[in-house]
Structures are given as structure tokens and as C-alpha cells.
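The values are calculated or read from the model by the stated rules, or taken from the named source; none is laboratory data. The structure presented is a predicted model; accordingly, all values stated were derived computationally and were not measured. Please note: Cβ atoms are built from the backbone with ideal geometry, for glycine as well, and neighbour counts cover all protein chains shown.
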Amino acid sequence: MNQHRRLARCRPWVVGVGIAIGATVLAAAFGVVIYPRIADTAHAVLDSDSYGQLGWGLWQNGSLTYYPDTDPTVARGPLYPAFVAAVLSLSPHWWPTNVQLAQSVLHGLTCLLVWVMARRLWTASVAVAAATLCAVHPVLLWYTSRLWSETLTAFLFTGLAAATMAALVRPSVLRSCLVGLIIGAGALCKTTFLPYALVVPLLMRRMRGRAVSAAAMAALVATAVAVVLPWSVRNWQLTGRVVPVQVLVGCSFAIGDGFLEHYREAPLRLPELYDVVMRELPGQGCEGTGRPGTRAEREAAQDAALLQRSLARYVADPGVLLRKMGLNAWLFWSLSETRLKSTVWMVLQWPLVALFLWAAVRAWRRDADMGVGRVHVLMVALYFAQHLPLQAVARYSVGLVPLMVMYACGALGEVAARRRDARRRDGTNFNPSRCREATSSTPKAYCIIAPGCRASGYPGLCSAAEASCQYPSAQGRHKDANPGLCRVTPSA
């Protein structure tokens, strides 16, 4: 009997792991077989941000350098180069296929995280749909074959959403430390993660009240700081300036200003627009090549000068910043290398944005208990908002795609379940269920949800005390079954 129960608990994971393996194989096939044949015609540069050089430099020189140069840089965060260096240490002769295969594994793990969250929040069918759509999503597959940090960013952001959900459902210091660890790691990959170290614990306390203790909040912040601080000290020693993770903030402001001025000259064509903007940047672009000092000192000084230049412009004319934020809100979901690719981005992303906004409204209205939906919505909004005053291109939105797909599938699944339940309702107080059968001999099971649990909007989060599972006996009467076997769907 115990073995049967263990098998019943393990069986759903076969589906999730199977989708993850399928996503990994699909991404690997795309990177190894398809990408090399279309890279030139699709204007898909393998490594435009020189992450490959940074990975080789970290592996060969033991520091973050643009290989073969040995002068350390502060222009990039260390996590993605460390990922590349770790892959190189395992198989240096398969470059760059080795990195593409490793990113395929990250893609599969991202799909598995989506499946876990969706199954917990909604139903098994929603979980399968969301994870499968992420596995075959063209935007997510496209970046597994290129040496850019988008695949790692998507994995970390999805992992942060999953860890935050676990910390909200069952608050503890250990779960808060896990959230802080992911935030710190994410910040070392992309500085957009840094504000979450303060925002997430405040949201958790706001949603769950005293269930999230002050110790848990402090542990989250302390863990995130402990992950980032050694790198910040390293940057201080190299530049004599406060650089938490990397520079290029001022450069991003300046490039975004240039996009606003010159976008009409090259609409929907990022390389041409970028070349026009970079030619007008003072002081030899973002690197500050003409400045004295080491590479790190030049980069920090140039970035500070560009930031001061942009801020002075906003003070003189605040309307510039507002117009820039409006343009970036559009470019964040659309701007790519060519008009064709930008059009494809818009076809893929704008319907997803509309579905997510609809799903976000539903989550905000219904999730009044543990706050999972509201926190996830605010996490996506914060990520998007941080790019508005800087610069925005379509690939920056890749990290949000898995979570947005999951919520869109969840909302559509809720609507479909409501319609089915309305057709099946027989006038009783029972809610037709999609849960696993209580025993092997019961043809149909029903779930009864406690009123407080129904109000949360996510009955999948109900505990055994809040939900009971019943099934019809041979005599036609209902008998209680083990509530732990009941997989509850949203009530009508």
C-alpha cells in the first residue's frame, strides 16, 4: 500500500521531467542543427557582447578579462562568464557547441520550474500546457543557441518566482535564504535583479503579514548582500568607486537617449540604430578608450560621465525622460536586428502581453490569501519598469516569457474549467474535480473546498485541512477519502 502511494506521488513528476527532457533535446537540436544554417541570413550574431571572450578569460586568466587581454573589466557581471568558463573547463574542444548544449539544459530546467509552479497553482493540465508552450516557444529556443545571458536570466527569474511562491505558501527562514540566494545570483548576471533584494521581502510581509517573520526578511536581504558583496569589493579595489556589480548604467542611459533622437532614421533595425548612436557618444563610446588608467578605471570614469550627462539633460527637460520611457515601453517588446525579426517579435510578444495583463487582473482580484499571484505580477512589472528610463530592446524581455506564459495558460485554464463545471453542475454542493482518484476502484471523485480556501482563487494551494475529497460508493452514497490525494481545481 505504501509503495502504491509512493508511486502515485511520483507519477506526475514523470510528466514534468519528460517535458523538461523534451525541451532540452529540442533546444539542443535547434542549436546544433538549425542555428548554424540560418545564422548568417537571419543576422544572428553568435556573441555580440563578447561573453565568449570573458568566459575564456575567466577560465585561462582566473579573472574577468576579455581574452587574450589580461586587464580586468567591470563592464559585465561575472555569473554568465563563470557559466561559460565552467562549461569550458569540462569540454574546451567543443566550442561553442558545449555552451549551446549547456544552455539547452537550462531551458529544460526552466520548463520544469514552470510545470511545478503551474501544477501547484492550477491543475495538471494547465501545468502541461504551460511547460509545453515554454518548451517550444520560439523566443526561448532562439537564445539557447547564442552566447547571450538571456537563457540564464530566464532560468533565474523563473527560479526566483518559484522560490518566492514557496516562501509565501510556507514561510520560513530557510526558504527566505533561498530567495535571497537566487536574487544575489541573478544580480551577478543582470543588475535588474538587485532591487528585488528589498522589494520581495516587503511584498512577502505585506501579503502574509506576521507569518513572514522579521528574521525571515532579514535573512533574505542578508543572503542576497552576502552573494553580491565580494564582487562589489573587487570592483572597489579596481576602480576606487562604488560599483555593486557592473558599470554601463550611464552608457545605457546615453544609448537610450540616442534611440529617442534617431529611432526614425532606422525604425525596427537595431544594428543601424546602434551604430548611429554609438558614433555620437563622447569619449570613445562606453569603454572610454581615450581616458588614462586601467581598463576598469576607464570604464568606470566614462560611465559616470555619461550618467551625469544624461541626468543633466533630464533636469533641463523632464519631457525627454517621459518620451524616452514611452518609446522604451514599445521597444522592450519589439526592437530586433531587422524589420522582419522585429515584426516576428511583435507577433509573438504583443498577444502574450495582452493575455498576461488579462491574467494579471484576474490574479490580483482573486489572490487575497497568500499573495502568490500579486507578488508574481509585481515582479514582472518591476523588471519591465527598470528598463524604461535606460535602453530597451526585445531580447531584454526574454526573462519574463516563462512566467507570462504560465499565467496566460492559468487564466485560460480557469475559464475553460468554469465553462465545463457550469455544464456539469447537477445542483449539488459538490465541485466536479480533476483530482486523482481516491482509490483505484472509484470511477469519479469530488472535491469540497472550505470557504476560506475558495476565496484565495488558487485552490491548488489548499491544505488537507481546508479541502476534503469524496467519492461515490457502490450504494450511491459519498464517503470521505484521504484529503491528501485530492488535487483541487478552481471552483466555479
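Key figures for this structure:
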{"quantity": "Qualifying residue in the stretch 288-301 (condition: among the small types (Gly, Ala, Ser) and closer than 19 Å to residue 259 by Cβ)", "calculated": "no"}
{"quantity": "Residue 135 vs. criteria in contact (Cβ under 8 Å) with a residue 60 or more places away in the chain, under 13 Å from the mean Cα position of the chain (by Cα) and part of a helix (DSSP H, G or I)", "calculated": "no"}
{"quantity": "First in the stretch 253-265 and touching a residue at least 40 places away in the same chain (Cβ under 8 Å), second anywhere and of a type in the set (D, E, K, R) and surrounded by 20 or more Cβ atoms within 10 Å (Cβ to Cβ), Cβ under 6 Å, 6 or more apart", "calculated": "256/324; 260/324"}
{"quantity": "Hits in the stretch 300-346 (condition: under 25 Å from the mean Cα position of the chain (by Cα), small (Gly, Ala, Ser) and surrounded by fewer than 16 Cβ atoms within 10 Å (Cβ to Cβ))", "calculated": "326, 329"}
{"quantity": "Residue ID - nearest to residue 186 (Cα to Cα), chosen from residues in the stretch 201-244 that are touching a residue at least 60 places away in the same chain (Cβ under 8 Å) and in contact with a Pro (Cβ under 8 Å, 6 or more places away or on another chain)", "calculated": "231"}
{"quantity": "Complete set of residues in the stretch 147-164 that are in a helix (DSSP H, G or I) and more than 20 Å from residue 384 (Cβ to Cβ)", "calculated": "163"}
{"quantity": "Selection from the stretch 277-299 of residues that are surrounded by 14 or more Cβ atoms within 10 Å (Cβ to Cβ) and over 31 Å from the mean Cα position of the chain (by Cα)", "calculated": "281, 283, 288, 291, 294, 295, 297, 298"}
{"quantity": "Selection status of residue 82, surrounded by fewer than 19 Cβ atoms within 10 Å (Cβ to Cβ), modelled with pLDDT of 95 or more, assigned to a helix (DSSP H, G or I) and in contact with a Ser or Thr (Cβ under 9 Å, 6 or more places away or on another chain)", "calculated": "no"}
{"quantity": "Test: residue in the stretch 187-204 that is closer than 26 Å to residue 119 by Cα and either touching an Asp or Glu at 6+ places or on another chain (Cβ under 9 Å) or acidic (Asp, Glu) (or both)", "calculated": "no"}
{"quantity": "Qualifying residue in the stretch 256-275 (condition: over 30 Å from residue 371 (Cα atoms), small (Gly, Ala, Ser), surrounded by 21 or more Cβ atoms within 10 Å (Cβ to Cβ) and not assigned by TED's automatic domain parsing to the domain that holds residue 171)", "calculated": "yes"}
{"quantity": "Residue 226 being among the aliphatic types (A, V, I, L, M), closer than 19 Å to residue 378 by Cβ and part of a helix (DSSP H, G or I)", "calculated": "no"}
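Listed here are the residues, each with its yes/no results for (1) assigned to a loop (DSSP other than H, G, I, E, B); (2) under 16 Å from residue 354 (Cα atoms); (3) at pLDDT 95 or above.
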{"position": "368", "(1), (2), (3)": "yes, no, no"}
{"position": "381", "(1), (2), (3)": "no, yes, yes"}
{"position": "385", "(1), (2), (3)": "no, no, yes"}
{"position": "389", "(1), (2), (3)": "yes, no, yes"}
{"position": "396", "(1), (2), (3)": "no, no, yes"}
{"position": "401", "(1), (2), (3)": "no, yes, yes"}
{"position": "404", "(1), (2), (3)": "no, yes, yes"}
